[in-house]
Amino acid sequence: MEFELWAYQITPGSDESLYFAYTEEACRQAALDQRAEVKRLEADDQPEMTAMALYRYNFRALTAAEMVGVLNGELTIIEACAVDRKLIGLVVD
């Protein structure tokens with residue numbers, strides 16, 4: 001069984017940290033909220049903020065062996081069960 005989740009780059013330009021949501025709308029809104037908060041806190045220090053990638057992921061259920069790998073830190077959840085990832089667009093203000 002596969003299911004779809006949405007993600008955006010927490011740090012613009014980097015896929016190291018992603019924020020996930022059930023819907024594209026919720027994911028996009030979370031990204032816009034984060035951008036507004038960063039701009040509010042760093043109004044004078046931050047030039048124009050770089051765009052954040054917005055992705056659609058398809059995941060499948062983990063097997064028992066994959067779950068053990070994730071729990072033991074040998075695999076990330078994305079490595080273990082992401083079927084594919086598609087760049088949907090960029091979040092900008």
Given labels modelled 7 Å from the Cα in the Cβ direction, how far is it in nm from residue 86 to residue 39?
-> 2.9 nm
Report relative contact order for the chain in percent, whole number only (criteria: Cα-Cα under 8 Å, sequence separation at least 6).
-> 34 percent
Using alpha carbons only, how many degrees (0 to 90, rounded to 10) separate the axis of helix 24-41 from the longest principal axis of the chain?
-> 40 degrees
Rh (Kirkwood; distinct C-alpha pairs) - the chain, Å | 14.4 Å
Rounded to the nearest 500, the 222 nm mean residue ellipticity computed for the chain from DSSP H runs (n ≥ 4, each -39500 (n - 2.57)) alone is -10000 deg cm²/dmol
Label-point gap, in nm, between residue 79 and residue 25 - each point 7 angstrom along Cα→Cβ = 3.6 nm
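Values quoted throughout were computed directly from the atomic coordinates according to the rules given, and no laboratory measurement underlies them. No experiment lies behind these values; they were computed from the predicted model shown. A quick note on method: Cβ atoms are made from the backbone with ideal geometry, for glycine too, and the neighbour counts reach across all protein chains shown.
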